[in-house]
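Report on the structure given below.
The values are calculated or read from the model by the stated rules, or taken from the named source; none is laboratory data. As the structure is a prediction and not an experimental result, all values here were calculated from the model. Cβ coordinates were reconstructed from backbone atoms using ideal geometry, including for glycine residues, and neighbour counts include every protein chain displayed.
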Amino acid sequence: MTTPAAVTYPAIRLGLQENAGQFALLLLINAFVGAMVGMERSILPLIAEGEFHLVARTGILSFILVFGLTKALTNYAAGRFADRYGRRRVLIAGWLVAVPVPFILMWAPSWNWILFGNALLGVSQGLTWSVTVVMKIDLVGSQRRGLAMGLNEFAGYVAVAAAAFATGWIAARYGLRPQPFYLGVGFVALGLLLSVLLVRETSAHVALEAKQAASVGPTPSPRDVFWRTSLNDRSLSAVSQAGLVNNLNDGMAWGLFPSVFAASQMTLEQIGILAAVYPATWGLVQLATGAWSDRVGRKWLIASGMWIQAAGLAVVCTSSSFGGFTGGGALLGIGTAMVYPTLLAAIGDVAAPSWRSSAVGVYRLWRDLGYVVGALVAGITADALGFAGAIWIVAALTFVSGVVVALRMTETLALHKD
């Protein structure tokens, strides 16, 4: 494995304040990354039913399966590519892949074209979101890792919510296609331009942190990193399964919730609002939970967050009103906010700087395979048991995942404390 050539900037330092400019720029770029996937959340299941006349839930949720599979595999590759070739190059490549996506979604003549567009979107998200996560961890060092991940996920998922609301609002006034996807053209253009013109490589920060760290032993091989993160390390494997189940229920919410709301006679505008409640709550609450995990630890925030997600799903399943759906979505968002940045911070706690990007890639591989599992589980069970049966099964899996964290994970925060 070759190491990216060190980039020499004056006074390379670790810390959030010390790298505030680049950190803020990466937050903005990650907001555009989140907005790209958010523009689908309120309307793509409705396009599947209304324009392409798909009836089976497994067919409608196929776009999430394709997205999740390509994103998961790309996450794994992105971690290794970032270690080998540098973060900035991978970020720019991810935006280039995204360029055709909004045009495909606007003008796709068949559902297979929608699936192709979502495959490209998954590759793009795997490259761009993975690398912005790793670059922020590189910049801040060890002491404020939870805060950094909270800010990162805040930017991404508030943008998901804003784009979901905006496309729902546009669709209610102008139709499902092509107008809502005009926004995507702007997101891609701005994200690509900022990445090319202003983002700087963070490999020098990685080298500095590795030099400052105590002896961490030899860098494990990619094979060893994979098995350590997936199974052998109790904490890393508990984190990986929690990430998978978290995205399993997110994929179910993405694919089924708009249809659940429509079946309860919600309007397009109300569906857009409801589709935004969950990621908006998730994004906003992460501002507190990421920093909170730096003080109280990672383990119990993750376990209790999974249990709160299960409760939120139960509320949605037993509701039929706008208020009930809003409350369930907010509860689901709170639970996810407790889990999402904390999982990433825990990976950063355990993995040494020399193999951290690869470990993040393995974790994100498993996490985004949750979209694949979620699409299959939700689609098959919704076809067999209806919406309520699918949601209850996913709620049960989410609760059990929290139990696994409680029993298997050890606290990781102390690993980087002086």
Checklist outcome for this item: Of the residues in the stretch 79-107, those that are assigned to a helix (DSSP H, G or I) and more than 19 Å from residue 188 (Cα to Cα) come to 79, 80, 81, 82, 83, 84, 85
Checklist entry - charged (D, E, K, R), at negative phi and over 22 Å from the mean Cα position of the chain (by Cα) - does that describe any residue in the stretch 248-262? => result no
Checklist entry - Are any of the residues in the stretch 355-374 modelled with pLDDT of 95 or more, assigned to a helix (DSSP H, G or I), of a type in the set (Ser, Thr, Tyr) and under 14 Å from residue 253 (Cβ atoms)? => result no
Next on the checklist: Which residue is modelled with the lowest pLDDT, if the candidates are limited to the stretch 242-269 and must be aromatic (Phe, Trp, Tyr) and under 19 Å from residue 62 (Cα atoms)?
Outcome noted: 254
Checklist entry - If you scan the stretch 160-182, which residues turn out to be crowded, with 20+ Cβ neighbours inside 10 Å, out of contact with any Pro (no Cβ under 8 Å at 6 or more places or on another chain) and of a type in the set (Phe, Trp, Tyr)? => result 165
Checklist entry - Can you find even one residue in the stretch 325-334 that is touching a residue at least 60 places away in the same chain (Cβ under 8 Å) and either of a type in the set (Ser, Thr, Tyr) or surrounded by fewer than 21 Cβ atoms within 10 Å (Cβ to Cβ) (or both)? => result no
Checklist entry - Looking at 337, 346, which is the one that is under 17 Å from residue 145 (Cβ atoms), assigned to a helix (DSSP H, G or I) and touching a Phe, Trp or Tyr at 6+ places or on another chain (Cβ under 6 Å)? => result 337
Item to check | Filter result for residue 70 (surrounded by fewer than 24 Cβ atoms within 10 Å (Cβ to Cβ), within 20 Å of the chain's Cα centre (by Cα) and part of a helix (DSSP H, G or I)) | outcome: yes
Next on the checklist: So if I check each of 131, 101, 140, which one is touching a residue at least 60 places away in the same chain (Cβ under 8 Å), crowded, with 24+ Cβ neighbours inside 10 Å and either under 17 Å from residue 357 (Cα atoms) or among the basic types (Lys, Arg) (or both)?
Outcome noted: 140
Item to check | residue 263 vs. criteria of a type in the set (Gly, Ala, Ser), over 24 Å from residue 410 (Cα atoms) and touching a Leu at 6+ places or on another chain (Cβ under 9 Å) | outcome: no
